[in-house]
Amino acid sequence: MRSFFLTAPLALLLAGCASFTGDKLAPGRSTAADVEAVMGKPADTRKHADGETVYYYPQLPWGYRTYAARIGADGRLIALEQRLTEENIGKLVKGQTRQDEVRDLLGPPYEPQRVERMDRDIWTYPMRIGGAPTPKWFLVQMSLADGVVRETYLIDDPNYNRWGGPSPPH
């Protein structure tokens, strides 16, 4: 009986996360209202000149994913995409990609920082790469003067310990 009370809350928590991937949504049929009903209020919304609106649903820092629900001008779901991928970070070009393009592609950063003495904004995106056992942090440095990507780094998640789980708080 005791194990039931310990495992039941965990099972409910995990079940609650299952719909966060939007697996019940259908491109072309689901509406923007359907997206919000299934996934909740987006953390960020970006409107594009072509009439498309993108709703961002980050699962950061421990979920290592950011979902983007692309909504057409007609109010219907175009696609639901996981944005924190190797392919997407490979699209960022040092010296060319602008801050708005990073935000459009990857979504809102988990941990934005401004470092005045370096003349940089640094955005952190926790993510998983392929089958790597240790989660990563993707860091993007953009210059304050023009908002252009200057450096990118992919490092092991410093909050993840060598035993395969989150490190305890200090």
Give the residues of region 57-79 that are modelled with pLDDT of 95 or more and either in the same structural domain as residue 144 (by TED's automatic domain parsing) or at positive phi (or both), sorted by residue number.
75
Could you please find all residues in region 94-131 being over 14 Å from the mean Cα position of the chain (by Cα) and of a type in the set (A, V, I, L, M)?
115, 118, 122
Report the residue count in region 82-125 for those that are of a type in the set (Lys, Arg) and either at pLDDT below 95 or over 14 Å from residue 138 (Cβ atoms) (or both).
4
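Residues checked against (1) touching a helix residue (DSSP H, G or I) at 6+ places or on another chain (Cβ under 6 Å); (2) buried (at least 17 other Cβ atoms within 10 Å of the Cβ); (3) of a type in the set (S, T, N, Q); (4) farther than 21 Å from residue 147 by Cα:
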residue	(1), (2), (3), (4)
62	no, no, no, yes
75	yes, no, no, yes
79	no, no, no, yes
84	no, yes, no, no
100	no, no, no, no
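I'm trying to understand the selection: among the residues of region 1-47, which are modelled with pLDDT under 65 and surrounded by 14 or more Cβ atoms within 10 Å (Cβ to Cβ)?
In the first step, residues of region 1-47 are kept if they are modelled with pLDDT under 65; the result is 1-19.
If the condition is that a residue be modelled with pLDDT under 65 and surrounded by 14 or more Cβ atoms within 10 Å (Cβ to Cβ), then 19 is the only one that fits.
The values are calculated or read from the model by the stated rules, or taken from the named source; none is laboratory data. Quantities reported herein were computed from a predicted structural model and do not represent experimental measurements. Here Cβ is always computed from backbone atoms with ideal geometry, including for glycine, and neighbour counts include all displayed protein chains.
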